[in-house]
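To keep things clear, I will list the structure first and then write my remarks on it.
The values are calculated or read from the model by the stated rules, or taken from the named source; none is laboratory data. Keep in mind that what you see is a predicted model, and the values were worked out from it rather than measured. A quick note on method: Cβ atoms are made from the backbone with ideal geometry, for glycine too, and the neighbour counts reach across all protein chains shown. In case anyone asks, the SASA skips ligands and DNA or RNA and just uses the protein heavy atoms, side chains included. Shrake-Rupley method; radii C 1.70, N 1.55, O 1.52, S 1.80 Å.
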Amino acid sequence: MAALRQTMVISALLAAAAVVGWACAPQARYRVLRFFFDGVPEPGAPPRLPGYPAEPGRGEERGGPAGAESKLIPRTVYAHAPYKEDRCGACHSPQTGELSRSVQAGLCRSCHPGVPGPAPYVHGPVAVSDCLFCHHYHYSVYPKLLLSEATALCLRCHEGADLTAEAHPEPVLRRTCVECHNPHGGENRFFLKRTER
């Protein structure tokens, strides 16, 4: 009888927490769910992509031959400076935890005003302040807080078959796109970093 009573109390508490969690703001709901469950994504977090660690500083688990123990392979993790330095107030309201303003309303440009700079041609996601289309806001295993490797990120929108042979004499995937193109914008339509003469 005592076990049944304890189970009922725990179930009632979980149900109450769930109801409170869903009735609250996204940050409050996140805190409630995170208390009870592991792996709850942060509000507004982009989907987890391959190579993106579950937590900063964690590696990637790799299995070995049958019978061998899995090993944690360390990975370099690049962190956004305010996140790394525990300066959450740079982006979030200290009272609510919500963003002080949306990314599209210029949150990122408050610290990065030079992006894209005075370029006459601006890349689409940059033009509409959709920084999170390519970058993660807290940390990543890719430099510049990219969501994936640079060329794979570009090929999400730009078809490899559309890249003409005369413009790309070498096989395209031998080099990364950002070796030649500025991903934010540039002086010409193709955002080339320098013109070939």
task: Go through GLY89, GLY64 for me and flag whichever is over 16 Å from the mean Cα position of the chain (by Cα), at pLDDT 90 or above and surrounded by fewer than 16 Cβ atoms within 10 Å (Cβ to Cβ).
output: GLY89
message: Condition first: without any contact (Cβ under 8 Å) to a residue 24 or more places away in the chain and open to solvent by 90 Å² or more (accessible area, probe 1.4 Å). Now tell me which residues in the stretch 92-110 satisfy that.
response: PRO94, GLN95, ARG101
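Residue-by-condition table, conditions (1) over 26 Å from ALA90 (Cα atoms); (2) surrounded by 10 or more Cβ atoms within 10 Å (Cβ to Cβ); (3) among the hydrophobic types (A, V, I, L, M, F, W, C); (4) modelled with pLDDT under 90:
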| residue | (1), (2), (3), (4) |
| --- | --- |
| ALA119 | yes, yes, yes, yes |
| LEU155 | yes, yes, yes, yes |
| GLY160 | yes, yes, no, yes |
| ARG174 | yes, no, no, yes |
query: Do any residues in the stretch 149-160 that are at negative phi have Cβ atoms under 7 Å from those of residues that are open to solvent by 40 Å² or more (accessible area, probe 1.4 Å) and modelled with pLDDT of 85 or more, where the two are at least six apart or on different chains, and which pairs are they?
result: GLU149/TYR142; ALA150/VAL178
- prompt: Is it true that some residue in the stretch 67-86 is at pLDDT 55 or above, in contact with a helix residue (DSSP H, G or I) (Cβ under 6 Å, 6 or more places away or on another chain), β-branched (Val, Ile, Thr) and within 29 Å of CYS157 (Cβ to Cβ)?
  reply: no
